[in-house]
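Okay, structure first, notes after.
FYI, it's all coordinate maths here, none of it is from the lab. Keep in mind the model is a prediction, meaning the values are calculated, not measured. FYI the Cβ positions are ideal-geometry reconstructions off the backbone, even for glycines, and counts take in every protein chain you see.
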Amino acid sequence: MKDFERVLKALANRRRLSIVKYLKKEKEASVSEIAGKIGISLKATSKHLGILSAADIVDKE
């Protein structure tokens, strides 16, 4: 149940949900590409990607 909760918490943020939607369309992108598309800083994008990665929603390469 903890994994399910982690996924729901990760997706409950509108910025992270925007990142997931963008990556679903683009399949892969750099942090700077995502930041530019979503309109947030590189630091914030990296933080959101870390949370999504910890929830096994996105993969880091």
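Listed by chain and number, the aspartates and glutamates placed with their C-alpha closer than 17 angstrom to that of Lys9 are Asp56; residues fewer than eight positions away on the same chain are left out.
For Lys60, a cut-off of 17 angstrom between C-alpha atoms picks up these aspartates and glutamates, skipping any fewer than 8 places away in its own chain: Glu26, Glu28, Glu33.
Treating each Cα of the chain as an identical point scatterer and summing with the Debye formula, the log10 of I(q)/I(0) at q = 0.22 Å⁻¹ comes to -0.82. Taking trypsin sites (Lys or Arg not before Pro) as exposed when DSSP calls them loop and at most 13 other C-beta atoms lie within 10 angstrom, the chain has its longest site-free stretch at 28-59. Checking the Cα-Cα distances for Lys2/Lys25; Lys21/Lys47; Lys2/Lys37 against a 24 Å cut-off, the pairs over it are Lys2/Lys25; Lys2/Lys37.
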